[in-house]
Amino acid sequence: MHEMSIAIGIIDIVEASAKENGARKVNRVTVDIGELSGVEADAVAFCYEASAKGSVAEGSALIINRIKGRAFCPECEKEFTPPSQRSAVCPDCNGFECKIIAGEELQVTQMEME
Amino acid sequence: MSGPKVVTIKKDILAKNDEIAQAIRARLAETGVTAINFTSSPGSGKTTLLARTLTDLKGELNIAVLEGDQETDNDARKIAETGAKVVQINTVSACHLDANMVSRALNDLDFAGTDMLFIENVGNLVCPASYDLGEKMKVALLSVTEGDDKPLKYPKMFRVAGAMIITKTDLAPHVDFDIDLCEENARKVNPGIHIVRLSAKTGDGLSAWYEYLKSLAN
């Protein structure tokens, strides 16, 4: 995945929001990155500083909430943690019709600015 | 502003791409065009299969094509030889098509009477899985000269694809590819995935592909 373009996407959202709120400086940006999103959180963190240069987000801290993957089996009516991106197969009944309910997030959730 | 304040945002990072993709979806729906996004590793046989499909279904289905490559218009030229309308997108540095590129390219395509739009993505099993181009379905190709465990190695691509096409089956006797195992692997990742095996060269399996393709058209 494009962690650099993800970092740039974060900066785009930050800049728009800073403008909306009349802020001149951003101190902190919080993002949710799900374990099943296909995005490498560490790589995003690595790219963030470079992407933020020259923008209102320059010098800001990036806080990443890594959201654990969760799936729901409609047969067992139970939630479980899928082992990886690979599949959401119920560990109890081996059912395939499971729905992923968490872990695919890729979102800017909060900003601290002034 | 006096002193720092904390603001709740809740904005999806890929939202911009998804908004454009939805607009493409609406635009295609207006004229009744079904779009298929073809993905695979480089060299799996996408262009060859599309060209063969366009030739064999001429007169039955009116199909236009968007070709995606970093450089050259080689693939668009091959498609143009079949008589189909085609536009080449050169991504230059990007390794996948995104909705913005597709939206701009659609402005150069004359849609009159088109039933289907084939979007041939850049050869890459990673990034195209995450970019909505406004398609009805992603179809992932995998050739017998690759590994039969590819669906397990690139799960996101095979999970978001509605169908998998195993290509170059004419070469199967010469390689160690286990076709049944490959299908089993794909179903582990995506139990409902539709699977077709074919050879664009010999024609083996093409009728089943064409039948499936026609069922996808609106």
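Provide the FRET efficiency to the nearest 0.05 for the B:N90-B:D204 pair, computing r from the beta carbons and using R0 = 35 Å. Write down the numbers at each step before the final one.
Numbers: r = 33 Å, r/R0 = 0.96.
After rounding, the FRET efficiency stands at 0.55.
So for chain B, taking the charge dipole from beta-carbon charges (+1 Lys/Arg, -1 Asp/Glu), which of B:T8, B:F118, B:L50 sits furthest toward the positive end?
The residue sitting most towards the positive pole is B:T8.
I need to check one value: relative contact order of chain B, counting alpha carbon pairs closer than 8 Å and at least 6 residues apart, in percent.
Reported relative contact order: 23 percent.
I'd like the FRET efficiency for B:D73 and A:E114, computed as 1/(1 + (r/R0)^6) with the beta carbon distance as r and R0 of 51 Å, rounded to 0.05. Walk me through the numbers before you get to the answer.
Details: r = 51 Å, r/R0 = 0.99.
In this case the efficiency is close to 0.50.
In debye, nearest 20: dipole of chain B around its Cα centre with unit charges on the Cβ of K, R (+) and D, E (-)?
So the dipole magnitude of chain B works out to roughly 700 debye.
Which entries of A:K68/B:K138; B:K11/B:K85; A:K78/B:K168; A:K99/B:K201; A:K99/B:K78 show an alpha-carbon separation above 32 angstrom in the structure shown? Provide the component values of the computation, followed by the final result.
Working: A:K68/B:K138 26 Å; B:K11/B:K85 38 Å; A:K78/B:K168 42 Å; A:K99/B:K201 39 Å; A:K99/B:K78 41 Å.
From the list (A:K68/B:K138; B:K11/B:K85; A:K78/B:K168; A:K99/B:K201; A:K99/B:K78), the Cα-Cα distance tops 32 Å for B:K11/B:K85; A:K78/B:K168; A:K99/B:K201; A:K99/B:K78.
How about segment A:1-43: which trypsin sites (Lys or Arg not before Pro) there lie in a loop by DSSP and see at most 16 other Cβ atoms within 10 Å?
Taking segment A:1-43 and a limit of 16 other Cβ atoms within 10 Å, the loop trypsin sites (Lys or Arg not before Pro) found are A:R24, A:K25.
Give the residue from B:L206, B:I179, B:A217 lying farthest towards the positive end of the charge dipole for chain B; charges sit on Cβ (+1 for Lys and Arg, -1 for Asp and Glu) and the dipole is referred to the Cα centre.
B:A217
Near the amide H of B:V122, under 5 Å away, which other amide H atoms are found, from residues 5 or more places off or on another chain, if H is placed in the peptide plane?
B:L97
So, counting K/R as plus one and D/E as minus one, what does the shell of residues with Cβ under 13 Å around B:R25 add up to? Walk me through the numbers on the way to the answer.
Details: positive: B:R27, B:K136; negative: B:D18, B:E19, B:E30, B:D132, B:E135.
Result for the neighbourhood of B:R25: -3.
Considering the options A:F72, A:S60, A:C47, tell which one lies farthest towards the positive end of the dipole of segment A:19-108, charges being +1 on Lys and Arg and -1 on Asp and Glu at the Cβ, about the Cα centre.
A:S60
Other chains near A:24-37: what is the mean number of their Cβ atoms within 10 Å of each residue's Cβ? Don't skip to the answer; put the middle values down first.
On the way: counts 1, 2, 2, 3, 2, 1, 3, 3, 3, 1, 0, 0, 3, 4.
Across the residues of A:24-37, the mean count of other-chain Cβ atoms within 10 Å is 2.
Would you please classify the overall shape of segment B:128-218 from the alpha carbon gyration tensor, given that a ≥ b ≥ c denote the square roots of the eigenvalues, rounded means a/c under 1.5, and beyond that prolate means a/b larger than b/c while oblate covers the rest?
Oblate is the answer for segment B:128-218, as a/c is 1.5 or above yet b/c matches or exceeds a/b.
Tally Lys and Arg at +1 and Asp and Glu at -1 over the other residues with C-beta under 13 Å from the C-beta of A:F72: what net charge comes out? Show your work: numbers first, answer last.
Details: positive: A:R70, A:K78, A:K99; negative: A:E75, A:E77, A:E79, A:D92, A:E97.
Here the charged neighbours net out to -2.
Shape verdict for segment B:43-126, please, from the Cα gyration tensor: rounded (a/c under 1.5), prolate (a/b greater than b/c) or oblate.
On the way: a/c = 1.97, a/b = 1.35, b/c = 1.46.
Verdict is oblate for segment B:43-126.
Can you tell me the dipole magnitude for segment B:175-218 around its Cα centre, using point charges on the Cβ only (Lys, Arg +1; Asp, Glu -1), in Debye to the nearest 20?
Details: 5 positive and 7 negative charges, 51 e Å.
Computed about the Cα centre, the dipole is about 240 debye.
Hey, how many Å between the Cα centroid of segment A:13-58 and the Cα centroid of segment A:91-114?
Cα centroid of segment A:13-58 versus Cα centroid of segment A:91-114: 20 Å apart.
Would you mind checking segment A:97-114 for residues with the amide N under 19 Å from a putative spin-label position 7 Å along Cα→C-beta of A:K25?
Residues A:111-114 fall inside that zone.
Tell me, how many Å apart are the Cα centres for segment B:2-52 and for segment B:53-98?
Cα centres, segment B:2-52 to segment B:53-98: 18 Å.
Suppose R0 equals 51 Å; then what is the FRET efficiency for A:I64 and B:S215 from their Cβ-Cβ distance, rounded to the nearest 0.05?
Approximately 0.75, to the nearest 0.05.
Only Lys, Arg, Asp and Glu count, each charged at its Cβ (+1, +1, -1, -1), so figure out the dipole size of the protein assembly as shown about its Cα centre, rounded to 20 debye. Walk me through the numbers on the way to the answer.
Values: 36 positive and 49 negative charges, 99 e Å.
That gives the protein assembly as shown a dipole magnitude of about 480 debye.
Around A:A61, what is the net charge, scoring Lys/Arg as +1 and Asp/Glu as -1 over all other residues with Cβ under 15 Å from its Cβ?
Working: positive: A:K25, A:R28, A:K53; negative: A:E49, A:E58, A:E112, A:E114.
With Lys, Arg at +1 and Asp, Glu at -1, the neighbours total -1.
Rounded if a/c is under 1.5, else prolate if a/b is larger than b/c, else oblate: which is chain B, with a ≥ b ≥ c the root eigenvalues of its Cα gyration tensor?
Working: a/c = 1.93, a/b = 1.30, b/c = 1.48.
Because a/c hits 1.5 or more and a/b fails to exceed b/c, chain B counts as oblate.
Just in segment A:25-85: which GluC sites (Glu not before Pro) are loop by DSSP and have at most 14 other Cβ atoms within 10 Å? Could the numbers behind the result be given before it?
On the way: sites: A:E35, A:E40, A:E49, A:E58, A:E75, A:E77, A:E79; in loops: A:E35, A:E40, A:E58, A:E75, A:E77.
Here the GluC sites (Glu not before Pro) that fit, given the DSSP loop and packing criteria, are A:E40, A:E58, A:E75, A:E77.
None of the figures in this text is laboratory data; all of them are computed from the coordinates on show. What you see is a predicted model; the values in this text were computed from it and never measured. Note that we place each Cβ from the backbone using ideal geometry, even for glycine, and neighbour counts take in every protein chain shown.
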